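Engineer: Input: one structure, supplied below.
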Amino acid sequence: VVGARAGYGLLRLIPAAWASESEIARAGETADIWGIHGPDEPGNWQFADLAEKTLRASRVLPSKPFVINLLPCYGPYSPYPVYRDHVRSFVEYVKPLCFTDDHYALGGRTSEYGYSRDFFANFEIVRQEALRAKVPYGFVGSVGAFGPIRSASEAELRWQAYSTLA
């Protein structure tokens, strides 16, 4: 849960884009805040700035991670070797405590589009680079409909969750 009040035992991320350093520091005293949500889907040209922000966040709030969400392999950093280089550059340059990427595998609103062919290839690349760098990795998947992405059924939510865990 980003920016909203957490409930039901859920922890939340506070958005760094709107928080001052004093607000971030105060967040360290709040039990329902898990970490700080950094920029979404940064490009390679942003890594120097993100390395600085990651260091600053760890100084201001050492007990909470600064989480950055990467693009999936079907974004501008494809094909797969280019995407691997993007992820590797990110973990080597930024040195995050953890990171996520999003991959919306439920393309299209009809069954004609089915599932994204590169869903598992994306996992393989990110998993290998996260393991190599010894950095925890998280996944953001398809839940609700937007643009060409259809809503996930209960079975598809489970498929994404179990595929992520596997």
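The values are calculated or read from the model by the stated rules, or taken from the named source; none is laboratory data. Owing to the predicted nature of the structure, the values given are computational and were not obtained by experimental measurement. Don't worry about glycine lacking a Cβ; one is built from the backbone with ideal geometry, like all the others, and counts go over all protein chains shown. Quick note on the areas: whole protein, heavy atoms, side chains included, nothing else; ligands and nucleic acids left out. Shrake-Rupley method; radii C 1.70, N 1.55, O 1.52, S 1.80 Å.
Engineer: Which length gain, in nm to one decimal place, applies between LEU11 and LYS134 when the Cα-Cα distance is subtracted from 0.36 nm times their residue separation?
Structural biologist: Taking LEU11 through LYS134 to full extension adds about 41.9 nm, to one decimal.
Engineer: If you filter region 19-72 for GluC sites (Glu not before Pro), then keep DSSP loop positions with at most 13 other Cβ within 10 Å, what is left?
Structural biologist: Hits after loop and neighbour filter: GLU29.
Engineer: Pairwise over distinct Cα atoms, reciprocal of the mean inverse distance: report the Kirkwood radius of region 37-166 in Å, one decimal place.
Structural biologist: Hydrodynamic radius (Kirkwood, Cα pairs) of region 37-166 is 15.4 Å.
Engineer: Still on this structure: Report the gain in length on full extension from PHE120 to GLN46: 0.36 nm times residue separation, minus Cα-Cα distance, nm rounded to one decimal.
Structural biologist: 24.0 nm
Engineer: Once R0 is set to 41 Å, what does the formula 1/(1 + (r/R0)^6) return for the Cβ-Cβ distance between SER22 and ARG88, expressed as a FRET efficiency to the nearest 0.05?
Structural biologist: 0.70
Engineer: Using heavy-atom solvent-accessible surface (probe 1.4 Å) with all chains present, what is the largest-first order of SER142, SER153?
Structural biologist: My answer, sorted largest first, is SER153, SER142.
Engineer: Then there is this: Which percent of the accessible area of the chain is formed by carbon and sulfur heavy atoms (probe 1.4 angstrom)?
Structural biologist: Result for the chain: 58 percent of the exposed heavy-atom area is carbon or sulfur.
Engineer: Which whole-number percent gives the relative contact order of the chain, counting Cα pairs below 8 Å spaced six or more residues apart?
Structural biologist: Worked out over the chain, it gives 17 percent.
Engineer: Loop only by DSSP, 13 or fewer other Cβ within 10 Å of the Cβ. Give me the chymotrypsin sites (Phe, Trp or Tyr not before Pro) in region 76-166 that pass, ordered by residue number.
Structural biologist: Filter output for region 76-166: TYR113.
Engineer: Starting from the amide H of LEU70, placed 1.01 Å from N in the peptide plane, find each other amide H under 5 Å away whose residue is 5 or more places distant or on another chain.
Structural biologist: Excluding prolines and chain starts, which carry no amide H, the hits are GLU41, THR100, ASP101, ASP102.
Engineer: Ranked from the most accessible area to the least, with a 1.4 Å probe and all protein chains present, what is the order of THR30, THR54?
Structural biologist: THR30, THR54
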